[in-house]
1. With (1) closer than 29 Å to residue B:128 by Cβ; (2) crowded, with 19+ Cβ neighbours inside 10 Å as the list, and residue A:285 as the residue in question, which single condition is left unmet?
2. Being away from every other protein chain (no Cβ under 14 Å), touching a residue at least 40 places away in the same chain (Cβ under 8 Å) and part of a helix (DSSP H, G or I) is the requirement here; does residue B:87 meet it?
3. From the set of residues in region B:268-296 that are free of Cβ contacts under 8 Å to residues at least 40 places away in the same chain and over 30 Å from residue B:347 (Cβ atoms), which is surrounded by the most Cβ atoms within 10 Å (Cβ to Cβ)?
4. Name the single residue that is farthest from residue B:293 (Cα to Cα) among those in region B:387-405 being in contact (Cβ under 8 Å) with a residue 24 or more places away in the chain and out of contact with any helix residue (DSSP H, G or I) (no Cβ under 6 Å at 6 or more places or on another chain).
5. If you go through region A:296-349 one residue at a time, how many are in a loop (DSSP other than H, G, I, E, B), more than 23 Å from residue A:79 (Cα to Cα) and touching a Phe, Trp or Tyr at 6+ places or on another chain (Cβ under 7 Å)?
6. Run down A:3, A:32, A:27 and say which single residue is more than 24 Å from residue A:87 (Cβ to Cβ) and either of a type outside the set (Asp, Glu) or surrounded by 12 or more Cβ atoms within 10 Å (Cβ to Cβ) (or both).
7. Which count do you get for residues in region A:170-209 that are part of a helix (DSSP H, G or I) and over 21 Å from the mean Cα position of the chain (by Cα)?
8. Inside region B:33-58, can you point out the residues that are away from every other protein chain (no Cβ under 14 Å) and among the β-branched types (Val, Ile, Thr)?
Amino acid sequence: MNALIFTTILGIIILYLGLTKNKTILAPTAIAGLLVTLFLSFKDWGLSSSFFHEMVIFDNFSVAFNISMIIITIVIFLFGVDYYKMMELHVAEQYSLMIFALVGAFLMTSFSNLIMLFLGIEILSIPLYILAGGKKFSFKSNEASFKYFMLGSFATAFFLFGIALVYGASATFYLPEIKTYIAQFHGNLPPMLLIGLLFIIIGVAFKVAVAPFHFWSPDVYEGSPTLVTAFMATVVKTAGFAAFYRLLGIGLLPLPVPLEKALWVMTGLTLLIGNLVALKQSNFKRLLAYSSIAHSGFIMLAMLSQHSSSASVILYYTFVYSVATVPLFIIFILVKRASNGHDHIAAFQGLYKKKPWIAVFMTILLMSMAGIPPTAGFLAKYQVFVLSISQGYLAISIFAILMAIVGIYYYFNVVREVFTDRDHLEPLVITKLNAGIIIVCGVAVVVMGIFVWHLPI
Amino acid sequence: MIVLVILLIPFITGLLLLLIRNAATIKLMALASAIVNLAATLSLAFSTQASSSYSVSWINFLDINFALGYDGTSLIMLSLTSLLFPFIIMAGMKREQEHPGLLYALILFTQSALIGVFLAQNAFLFYIFWELTLIPLYFILLLWGGEGRRNITFKFFIYTLTGSLFLLFGIIYLYSLTPGLHTTDFSVFSQLNIPANTQVWLFWVLFIAFAIKMPVFPFHTWQPSTYTMAPTQGVMILAGVMTKMGIYGALRFLFPIIPAGVLYWQNTVIILSLIGVIYASVIAFRQTNLKTLIAFSSMAHISLMVAAMFVLNYYALQGLLFQVLSHGITIVALFYVVMLIEEKTGTLELPKMGGIKLLAPYMAILFLLIVLGSVALPLTAGFVGEFLIITGLFQQSIWFALFGGFTMVLGAIYMLYAYQRVMLGEKRPDLENITDLKRIDYIVLIPLITLILVLGIYPQPVFNLVETSVNTMQNLLVPVADVLPSLPL
């Protein structure tokens, strides 16, 4: 709870710091503040305290997810130092909006009451609608913001409607009480409750871009400023899945059969659409958007396997995925700058001639995304498959493995570009800080593949 | 402990090479590491002590150990790997190569990963190393390959990874079947009593990865183009050691773990392999590119080895393990000569060559000896292996032996025909300034040819080495033979 309060104050402080017109202090202050938040979160580990009549519960699950999101945000802010150098106005707003979104994310990992989940989702989303439109004079950025806002509001409406229906049936917003209420029907749910739950799931599925509610994500990813895209692809996704797991895994287990069936269909569709459409993408941001949809499919697989270690596997998966995704976006931004705004994957051509070490680390990061040993991405997928296969979901596991092969195809398509020669090489400038971030993340991906962790959450 | 040393020497040397700039030093260091490794491996092969092993716990909650060890089969594979890598490294000596530090580091990383595959004592570790062999090799092919490498390496990479992921599924499935606290140890896997009808489908899930690596018809389509495009050292690793990795994987996974599945599909696989023998031989005959021709000839020989593996009687198994060694040595020597020919003539197209014997008589003689080893002439190593294999096939069915025998007949035809077109005939005006072998070429070729001949004349030490594992493997299938008629399919 301290972490949540402190983060809120931090956001406001940064906002006011913007008045000083001194850009250089923003990122260091934000990062220092986040480090304090990190420390506060660590102190909450193992305490499991609840607030507001148990509407929010800070247990190990939420603390672990919060820590992972804070770390990723710090990495993103570190890159922000360079990214916002060119930007004259409103830099403080960018940082504080992201911090506010993080506050929403904290609520999403710790709710125990549907109203709190709603609050969390809204606090997370509204800053993002603004951030997506960060490039005021870019047509695509405006489109992204507008699209995200429209579809997001629509999903919110579904979500609220769902909450209302569930409340109408069960007369409570509390997850544990809803769970007991559901249990008394022995799988034969009244239609109102069923539709309510389905609507809630749709609302959350929209946030994590699970098919068939994924249509916004490629356009929004493509149009938004790339740093914001990186934030959406990592922190927002982690928060979304934490909320999803809290809702389904902790809140509603065992799932009623019709819901479970619907979720399995969504998983299959997500895997299929994410991977197959990614094959045809030549725009790197869109490629990562579809790949992120595909990763959602694997996380869904872990979630639906309904095993006691699912939570830890999801945490590991999202964290490893985020640690690899952020530096990939960073490399992309730098390469795009050097090639005059080219965002085709061919922009990576000749990278190994220009910066061999960056090329090596980029390969490691892509290997992790594709799930090839000895990277952490492999261990993440391995754990997911161990869950799903040992729980007996053989057919969908085989299907997921086929889709993982497709994934390897498009990730290595990028690797191939990195190691392809090009006659005309533009100079590529990489500051020491940026190179440091890329290298630390690349090493982290390998180290986490060797020292695999498993948290009791 | 010594197994850990064998695994780490190439890896650490590889890391060091990345820091060195002088090309000659790099190559010497790589060679020194490979020779030390060879000595260490031979000390394992000829030691009388109980086998060395190493194990530490790695990922506790998944119950995965970093466990290394070996038996007779892995020892053959290890010896082959350690034996070939000095020659593979020497193939680049006294030659100009781009970025030698990176190239030799990658070669040594591949060696380390290959050794890991042969030493791994649980399926998880096996899988990690299995994939790790691919990554450095992929970059060797991508960065030093010939024409069309961009797309060909990509196809090779995706093709082999596809197989691997099925293997991964199989491993996790087996893992989920293990009792109590799950584990991926081979020793536990081999004691699972998997229902026969499960084994029937599980067979393909596991086999497909190995079939692609070897390659078995019809999973071979990546092979000819990859071999043709690959740099010499890459193709030596691919043909000399990687193919054997497929065979090793099949021996490790299929026979002990799913014997009923093996028996069920036995004839199917043998027939596929024999189709591969004939198919590859016929296509080899029609090739005009020397490297592609040898690629297909390698496929024919490997197919015969796969057939032998699935016949699973005493002679065939002995022949198989012997042939693993002999084929590895022969194919590396062959590709070395191919490289020499390409260097001297600037082409690999058979119609553009001829009369080289008149200009380079010593090369012609050594090449002839290798070709004779490859076509399994008596007194060469190839003969011992293939003779045993065909004897084994004969015990199963006369038809198998007949078609298997085509490797030798057709092999003799296309190899000697190719030899004739390259070496014999009139002097060609455009090939006037060909020189004969240099000292480094003798240093590489003479030991390889000596090995081919020595193993052909006195093969007994190898048989002693593999005796126990052949007996174990042979006994694996006997108890399940009764289960078979009850299969549902």
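1. Every condition holds for residue A:285 apart from (1).
2. yes
3. B:271
4. Filtering region B:387-405 for residues that are in contact (Cβ under 8 Å) with a residue 24 or more places away in the chain and out of contact with any helix residue (DSSP H, G or I) (no Cβ under 6 Å at 6 or more places or on another chain), the one farthest from residue B:293 (Cα to Cα) comes out as B:395.
5. 1
6. Values: A:32 fails: more than 24 Å from residue A:87 (Cβ to Cβ); A:27 fails: more than 24 Å from residue A:87 (Cβ to Cβ).
Unique residue meeting the criteria: A:3.
7. Initial filter on region A:170-209 (part of a helix (DSSP H, G or I)): A:170, A:175-183, A:191-207.
From the residues that got through so far, the ones that are over 21 Å from the mean Cα position of the chain (by Cα) too are A:170, A:175-183, A:191-199.
Of the residues in that region, 19 qualify.
8. Listed by number, the residues that qualify are B:35, B:36, B:41, B:48.
The values are calculated or read from the model by the stated rules, or taken from the named source; none is laboratory data. Computed from a prediction, not measured in an experiment: that's the story for all the values here. Every residue, glycine among them, receives a Cβ derived from its backbone with ideal geometry; neighbour counts consider all protein chains shown.
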